[in-house]
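*Asks:* Below is the structure I would like to discuss, written out as structure tokens.
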Amino acid sequence: MKSLLEYVGIEPGRLHFSWISSAEATKFQETVVEVTESVKALGPAKHMIKDIRKVA
Amino acid sequence: MEAVAQKIRETAAKLLSEGKVDCVIGYAQGTVPMRDYPYFAYTPEEAQNLTWSPFCCNNLANFLIRRPKGEIGKVAIVAQGCVSRSIVGLIKENQIAREDVYILGVPSPGMVDRRKVQDRFPLKTITEVTVDGEDLVVKGKDFEERIPQKEVRRDNCYTCVQRNPVIVDEMMGEEGPSDWGGNIDAVAAPWEKLEPGERWEAFIDEVDSCIRCYACRDACPLCYCHVCFVDEAMPQWCGKTQDEADVATFHILRAFHCAGRCTDCGACESACPQGIKVRRFTSKIEKDIRELYDYSPGMDLEATPPLSVYRPNDPQEFIK
């Protein structure tokens, strides 16, 4: 899925996958920080947005 | 080619008159040139309408499924390489039983892309196209021209790796060479060559003309869900408008549902009334599955589809 979405032009770094156990609090915290930083760095999403004003 | 068609007609008539099958699924000549269509022969007389040509672009495996239980018993089906691979896939997914299908195997001649032929005669009406050896004879009101078939084949037929049927009950003609020699890796997933920033534009440019008719889905033997995700209204997974986001969602998900199952038969691309190259998505997935799992769908009845099992050594670089 990640490979396909990046193939059609979703920026690498916008989509993240992770497997975290409920006992892995540190890993959860670290992953959230990493994901947030990586997505923030890319800026607001430009694709796959449905502009209601345009559609309606 | 005509010899194969004759053999199909004879065998179909024999099977039907002996009562071995209730129906023979094959192709019949279309009412417009280059549009041979799926045909269901229920009697030996109807079997005489069956044909075989380079214009048989539908995947007949599609008609083995979605039929009311018990309505039709055993059926015979005309199958070239890709159709037989789809049948293998359907057997593996428990959609059909091997003993209910009698496979009339045909070596694929490589199907012709009618758009490529039409493009050679802009603004002209083609009234007749016949096959003469390796060439097509294209006739219109005031023109007649020969085109070599190999110049106007469908994209997926150039890179076919399995022209002969994988499983067969009776062969209709000699097995030909197994592939057309094209290199699938060289042409699959064309947008990989683009920079990530350019891909979205190329993608939207391609699907821009999509009218959401779902012909690609309906032509596909893999799409047999009773309610497709695009038809579901509660909840509505995917919007029904022609907005960029909705069209993109449909195409991405349609392709993804075929992951590890698509045999690259090209029926979706042939069915598209807008000429959208929908294989640009499925070929990417087909390539990924081949590279990540070393698997080609439908080649082996015994092989386990990679996405239906977990193996400890499955690639998982994408998971953090």
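The values are calculated or read from the model by the stated rules, or taken from the named source; none is laboratory data. The shown structure was predicted, so the numbers you read here are calculated from the model rather than taken from an experiment. In this analysis, Cβ positions are derived from the backbone assuming ideal geometry, glycine residues included, and neighbour counts consider all displayed protein chains. With ligands, DNA and RNA removed, areas are computed over all heavy atoms of the protein, side chains included. Shrake-Rupley method; radii C 1.70, N 1.55, O 1.52, S 1.80 Å.
*Asks:* Of the conditions (1) open to solvent by less than 60 Å² (accessible area, probe 1.4 Å); (2) touching a residue at least 24 places away in the same chain (Cβ under 8 Å); (3) more than 30 Å from residue B:55 (Cβ to Cβ), residue B:242 satisfies every one except a single condition; which number is it?
*Replies:* Going through (1) open to solvent by less than 60 Å² (accessible area, probe 1.4 Å); (2) touching a residue at least 24 places away in the same chain (Cβ under 8 Å); (3) more than 30 Å from residue B:55 (Cβ to Cβ) one by one, residue B:242 breaks only (1).
*Asks:* Considering each residue of the stretch B:246-298, count those that are farther than 14 Å from residue B:184 by Cα and touching a residue at least 60 places away in the same chain (Cβ under 8 Å), and give that number.
*Replies:* Summing the residues that are farther than 14 Å from residue B:184 by Cα and touching a residue at least 60 places away in the same chain (Cβ under 8 Å) in the stretch B:246-298 gives 13.
*Asks:* Considering each residue of the stretch B:154-181, count those that are farther than 18 Å from residue B:288 by Cα and in a loop (DSSP other than H, G, I, E, B), and give that number.
*Replies:* Number of matching residues: 19.
*Asks:* Out of the residues in the stretch B:203-217 that are part of a helix (DSSP H, G or I) and surrounded by 14 or more Cβ atoms within 10 Å (Cβ to Cβ), which is farthest from the other protein chains (Cβ to nearest Cβ)?
*Replies:* Residue satisfying both the conditions and the ranking: B:215.
*Asks:* Still on this structure: Conditions: (1) open to solvent by less than 10 Å² (accessible area, probe 1.4 Å); (2) in contact with a Leu (Cβ under 9 Å, 6 or more places away or on another chain). Residue B:46 meets all but one. Number of the miss?
*Replies:* Exception for residue B:46: condition (1).
*Asks:* When you go through B:214, B:158 one by one, which is the residue that is under 28 Å from residue B:79 (Cβ atoms), within 19 Å of the chain's Cα centre (by Cα) and either at pLDDT 90 or above or not assigned by TED's automatic domain parsing to the domain that holds residue B:285 (or both)?
*Replies:* B:214
*Asks:* Taking the stretch B:151-202, which residues are free of Cβ contacts under 8 Å to residues at least 60 places away in the same chain and within 14 Å of another protein chain (Cβ to nearest Cβ)?
*Replies:* Within the stretch B:151-202, B:193, B:194, B:195, B:196, B:197, B:198, B:199, B:200, B:201, B:202 qualify.
*Asks:* Across the stretch A:14-48, what is the number of residues that are more than 9 Å from every other protein chain (Cβ to nearest Cβ), part of a helix (DSSP H, G or I) and among the polar types (S, T, N, Q)?
*Replies:* Residues that pass the stated criteria total 4.
*Asks:* Select from the stretch B:218-227 the residues that are in a loop (DSSP other than H, G, I, E, B) and not β-branched (Val, Ile, Thr) and list them in ascending order.
*Replies:* B:219, B:220, B:221, B:222, B:223, B:224, B:225, B:226, listed by residue number.
*Asks:* Only one of these is open to solvent by 50 Å² or more (accessible area, probe 1.4 Å) and free of Cβ contacts under 8 Å to residues at least 60 places away in the same chain: B:140, B:133. Name it.
*Replies:* None of the others qualify; the one that does is B:133.
*Asks:* From the list B:9, B:85, exactly one residue is open to solvent by less than 60 Å² (accessible area, probe 1.4 Å), more than 30 Å from residue B:260 (Cβ to Cβ) and among the charged types (D, E, K, R). Which is it?
*Replies:* Step by step, each of B:9, B:85 is checked, and only B:9 is open to solvent by less than 60 Å² (accessible area, probe 1.4 Å), more than 30 Å from residue B:260 (Cβ to Cβ) and among the charged types (D, E, K, R).
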